[in-house]
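Participant: Let me give you the structure first, and then I'll get to my questions.
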Amino acid sequence: MHRFTKDLSRAESLAAMLAHSRAASAVEVADLLAGMYIYDWERLSKYWPEQDGIEEYLQQICRISPQRWHYWIEFYDQQRRGDEKPPKWQWPRPAKNPDADAKPMARSNELTALLKSAEEVAPAHDVLEDRIIPILTCECVLLAIAKRTDSEIGHRLVASGLDVAELEQAARNPRHAPLH
């Protein structure tokens, strides 16, 4: 069990929307990675010292076409800035089934295992029902992806020039407390 920071929670919401738009049955690691970059690219991009072509590389890893990638980035940026201009395309809507509204989209087994790994890195904790639970950040999850030796996505992220040492430092020793 764990909690997410606001940033990671919003990235997970985007990941669920991306998975839903692909008609997937579960949110995959690639969906969460895409959600983190769509939501917080400015903050996370600093872990790539050489940024030429990194967005294209992430589009490939996350299986997002350039057009869709740019749409999501533009749309989400408009939402964050509070632009009044209505979107050309609407967010995917939940199913009309009332039971579907109550249940969030399932996570894949790989994503569940990844989040479990991220719990081990999390420097901050919260108390829930007399239990201490880790608070996961985008940096913790990104580090867990990069450190998964059995993951193609992890290998590809490291090969893309990700500065794993700087990311690990930021994940383990954040400059500020995570926002709940």
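The values are calculated or read from the model by the stated rules, or taken from the named source; none is laboratory data. Just so it is clear, the structure is predicted and the values come from calculations on it, not from any experiment. We place every Cβ from the backbone using ideal geometry, glycine too, and count neighbours over all the protein chains shown. Just so you know, the surface numbers come from the protein's heavy atoms only, side chains and all, with ligands and any DNA or RNA stripped out. Shrake-Rupley method; radii C 1.70, N 1.55, O 1.52, S 1.80 Å.
Participant: Of all residues in the stretch 37-63, how many are open to solvent by 20 Å² or more (accessible area, probe 1.4 Å) and modelled with pLDDT of 85 or more?
Facilitator: The total comes to 3.
Participant: Exactly one condition in (1) modelled with pLDDT under 80; (2) surrounded by fewer than 22 Cβ atoms within 10 Å (Cβ to Cβ); (3) in contact with a Leu (Cβ under 6 Å, 6 or more places away or on another chain) is false for H70; which is it?
Facilitator: For H70, the failing item is (3).
Participant: Considering only the stretch 124-170, state which residues are farther than 17 Å from L44 by Cβ, open to solvent by 10 Å² or more (accessible area, probe 1.4 Å) and in contact (Cβ under 8 Å) with a residue 12 or more places away in the chain.
Facilitator: A124, D126, L128, R131, P134, R148
Participant: Taking the stretch 57-70 as the region of interest, how many residues are over 17 Å from the mean Cα position of the chain (by Cα) and in a helix (DSSP H, G or I)?
Facilitator: Qualifying residue count for the region: 2.
Participant: Of the numbered conditions (1) more than 26 Å from P174 (Cα to Cα); (2) not in a helix (DSSP H, G or I), E50 satisfies every one except a single condition; which is it?
Facilitator: E50 satisfies all of (1) more than 26 Å from P174 (Cα to Cα); (2) not in a helix (DSSP H, G or I) except (1).
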